[in-house]
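Here is the structure we will look at, set down as structure tokens.
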Amino acid sequence: MDVRRPSRKVPAAFSAGGAEEREGGRAAGEGKLIARGLRHPGPIHMVRTQLAAGSPPAVLRVIVDSASAADGLARFCQSRDVPAEVDLVGEEFHILIRLGRSAEKLLRGPVDPGP
């Protein structure tokens, strides 16, 4: 798992129209799911449920509190060619999933139960 320390500045790629607007601590156009306490594959099921509800954001931030949950979700996204990166923020892991027009890729196929 590739974990990087986040910068204080929000990259322009995460904000609407390239502007660095902020809304409640998140980039504009970014959705957020709290999946603390869930083990793999729980966060994946939460993401799929959110996406199936319609109108996915350009970027989805999923917050988990275990490395295995972060790794499982990042691998799931990568296995479907959807860019995802993991940031360590304090003792939590933030998985940034760049959905764009790729949300439907995460809804296809089964979920590997993993470790």
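Overview of results
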item	result
Within segment 70-115, tally of residues that are among the polar types (S, T, N, Q) and part of a loop (DSSP other than H, G, I, E, B)	1
Subset of segment 21-55 [open to solvent by less than 50 Å² (accessible area, probe 1.4 Å) and at pLDDT 90 or above]	30, 31, 33, 35, 40, 41, 42, 43, 44, 47, 48, 51
Residue that is surrounded by the fewest Cβ atoms within 10 Å (Cβ to Cβ) [pool: residues in segment 87-104 that are within 13 Å of residue 60 (Cβ to Cβ) and in contact with a Leu (Cβ under 9 Å, 6 or more places away or on another chain)]	98
Matching option when the condition is closer than 15 Å to residue 35 by Cα and open to solvent by 10 Å² or more (accessible area, probe 1.4 Å), among 67, 58, 84	67
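The values are calculated or read from the model by the stated rules, or taken from the named source; none is laboratory data. Quick caveat: nothing in here was measured; it's all calculated off a predicted structure. Virtual Cβ from ideal backbone geometry, glycine too; neighbours counted across all protein chains shown. Just the protein is used for accessible areas: all its heavy atoms, side chains included, with ligands, DNA and RNA removed. Shrake-Rupley method; radii C 1.70, N 1.55, O 1.52, S 1.80 Å.
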